[in-house]
Amino acid sequence: MKELRAYFESKGETLYMVSDDEAIKFLNGSIEYDFISCLRQIQDRGIFNTLVECCKPNKLGFDITTNSEYEEEEFLHGKTKYKAIVSVDDEQEVDFTDYMFNQGISLILLGHVTKGELRVDGESYGFISEY
């Protein structure tokens, strides 16, 4: 089985979130199919901090859109229904989304990995080197 990283590898990876506890089980299947680049459970400190931790090793950034069900601060730093962040490279994205759909697992498109800037809803939060 492929060894999975807990950090983002390259600019351009697409970021998804899963909220269903059962999704983690199905994600293991997609790992075997080599669909996922990174899988990281969302930490208690929230989505933003989890994303920062995923970006640090390769000095990458992210550009995300928050979910309108939550206030921005709550979405980024509070507890949400989301369980994990998954990154997928362009070549595997269609296969990954099809696989998850066929398993009945819903995905939320979060955004994508960038060269180093951290952006939320079009606003800059600085660069990874500042964190």
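We did not get these values from a lab; they are worked out from the coordinates using the rules stated. Please read these numbers as outputs of a predicted model, since none were measured by experiment. Here the Cβ is made from the backbone with ideal geometry for all residues, glycine too, and neighbour counts use every protein chain on show.
Things to note:
- Residue in the stretch 24-42 that is more than 12 Å from the chain's Cα centre (by Cα), assigned to a helix (DSSP H, G or I), buried (at least 21 other Cβ atoms within 10 Å of the Cβ) and not polar (S, T, N, Q) present: yes
- Considering the stretch 47-131, the qualifying strands (runs of 3 or more DSSP E), each wholly inside and each with 3 or more residues that are within 15 Å of LEU15 (Cα to Cα), run over 61-64, 84-88, 108-114, 117-120.
- Counted residues, the stretch 36-53 - those being among the aromatic types (Phe, Trp, Tyr) and in contact with a Phe, Trp or Tyr (Cβ under 6 Å, 6 or more places away or on another chain): 0
- Qualifying residue in the stretch 56-71 (condition: within 16 Å of the chain's Cα centre (by Cα), of a type in the set (A, V, I, L, M, F, W, C) and under 20 Å from PHE26 (Cα atoms)): no
- When the stretch 96-131 is filtered for residues that are over 13 Å from ALA23 (Cα atoms) and of a type in the set (Phe, Trp, Tyr), the ones remaining, listed by number, are TYR125, PHE127, TYR131.
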